[in-house]
Amino acid sequence: VYDEKLQLNPGAERMLSSVQAAGIKTLLVSGGFTFFTEKLKARLGLDRAYANTLEVDGAGLLTGSVLGDIVDGAAKAHWLRTWADELGVAPHATIAIGDGANDLPMMAVAGAGLAFNAKPTVRESARRSGCRSRKARPIRSNIVSDAATVRTAGSTPRAAAAMMKTACRRASRG
């Protein structure tokens, strides 16, 4: 299933490599399942990943239950704050990238929230906020793509990575 169904958008790996080369730490917080996020973490060299854990019985079969708390919008915001604290970084010095309504709480915590290949609710929220930093300085408006893509208002992967680096620098001054 992983190899057949989970496809990254074109340029995603190159964009992440550029961001990581600049020393930016990467965290994936997903409402999906650890089966997928752990594989993505290894493949993409992500620093950390959090997702829902499916329960497996003694025979190695899925029970249909999820272990622990469900990763929802509040959990995404919690994990961003927690990881920022572990790194000794203020939340306003982080960037959160999301595409769905459950990403909005996490994006609100971050110094810069970027809507990537976003669903209408997130696009509208990004437009209303102008993708502003905590100090309300414009960072970049009309950034619309997905956490694993580089289609940012017609930009190239290199331009997307540059936008993320710029947003991070501005947020860190926040």
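The values are calculated or read from the model by the stated rules, or taken from the named source; none is laboratory data. Just so we're clear, the structure is a prediction, and the values are computed from it rather than from any experiment. Glycine gets a Cβ as well: all are built from the backbone with ideal geometry, and neighbour counts include every protein chain shown.
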Residues satisfying the stated conditions in region 93-103, i.e. out of contact with any helix residue (DSSP H, G or I) (no Cβ under 6 Å at 6 or more places or on another chain) and assigned to a helix (DSSP H, G or I): ASP103
Considering residues of region 27-77 that are in contact with a Gly (Cβ under 8 Å, 6 or more places away or on another chain) and of a type in the set (S, T, N, Q) only, the residue nearest to PRO91 (Cα to Cα): ASN52
Qualifying residues in region 82-125 (those that are under 18 Å from VAL19 (Cβ atoms) and polar (S, T, N, Q)) - the one surrounded by the fewest Cβ atoms within 10 Å (Cβ to Cβ): ASN117
Considering residues of region 78-135 that are over 16 Å from ASP47 (Cβ atoms) and of a type in the set (Val, Ile, Thr) only, the residue modelled with the lowest pLDDT: VAL122
